[in-house]
Amino acid sequence: MEGLTTAESPQTAGKEPALTDLDDRHHLIVPPEPRQRPRQQRAHETKAKILKAAARSFSIDGYAATSMNDIVAEAASTKGAVYFHFDSKETIARELINHWLTALGGIRQSTAESAIPAIEKLAAFFNGSAALIADDALARAGLRLTTEAGLDTAPPAFREWVELVSRLVDTAIADGQLPASAAQRLAANLCAGFIGAVQVIQVLGDPGDFTSRIDDLVNAYLISDT
């Protein structure tokens, strides 16, 4: 065909030569934008970081001595980020307490459904609670906050914990494994003893195995009531 050179064909006539080498056309490829985490995920991570920082501050200094500025500094965050998620340290404390109580509810549910005698379920509940405290910093802070006199949500939280234990005690009484007199004091004594053991280990640096000590505590109470 006239007008075409030997290097041209009807399909390529008048067109730029095709680039087939990736190295030759890299300049034509628009580099992708850096992938960013979804906003919701970033917000979740920031909130978790704030809760961990608050848990450390509350566990070391106590609720009354911890300020929002302390939590901001411990979280290495900004006031805006902290106040976006929590409007006060009481709100943070309430979330930590709820974390503790929710975890306890899960432990109670799993022990209640197990096929073991009722009195063993009571011991298993506290063993599970001890493992939780040993592994979960948020739960440890939530437990401590239930004893803070200056926190309005503390007494109801402690009563809710005692009520969880009371249900297990009542089941053991109904099965004839504990005397009826245990219903009035055993649940509260077990919870108070648990708190005392945790505080001794944290404050004095007791090197003993935590779960074993809680097991000893529970067994001592149960033996005295059987």
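The values are calculated or read from the model by the stated rules, or taken from the named source; none is laboratory data. Every value quoted in this text rests on a predicted model; they were computed, and no experiment measured them. Positions of Cβ are backbone-derived with ideal geometry, glycine not excepted, and every protein chain shown enters the neighbour counts.
Remarks
- Subset of region 173-197 [among the hydrophobic types (A, V, I, L, M, F, W, C) and closer than 17 Å to Asn127 by Cα]: Leu186, Ala187, Ala188, Leu190, Cys191, Ala192, Phe194, Ile195, Ala197
- Hits in region 88-109 - residues which are loosely packed, with under 13 Cβ neighbours inside 10 Å and either among the acidic types (Asp, Glu) or more than 30 Å from Gly150 (Cβ to Cβ) (or both): Gln109
- Taken over region 141-153, the criterion of being outside any helix (DSSP H, G or I), without any contact (Cβ under 8 Å) to a residue 60 or more places away in the chain and aliphatic (A, V, I, L, M) is satisfied by Ala149 alone.
- Considering residues of region 115-153 that are surrounded by 20 or more Cβ atoms within 10 Å (Cβ to Cβ), within 21 Å of the chain's Cα centre (by Cα) and among the charged types (D, E, K, R) only, the residue nearest to Gly62 (Cα to Cα): Arg144
- Here Leu138 passes the criteria (1) in a helix (DSSP H, G or I); (2) modelled with pLDDT under 90; (3) farther than 20 Å from Val200 by Cβ except the one numbered (2).
- Pro207 on the phi < 0 side of the Ramachandran plot, at pLDDT 80 or above and surrounded by fewer than 16 Cβ atoms within 10 Å (Cβ to Cβ): no
- Enumeration of residues in region 154-176 that are surrounded by fewer than 17 Cβ atoms within 10 Å (Cβ to Cβ), touching a residue at least 40 places away in the same chain (Cβ under 8 Å) and over 20 Å from Leu101 (Cα atoms): Ala174, Asp175
- Test: Leu186 is crowded, with 16+ Cβ neighbours inside 10 Å and touching an Asp or Glu at 6+ places or on another chain (Cβ under 8 Å): yes
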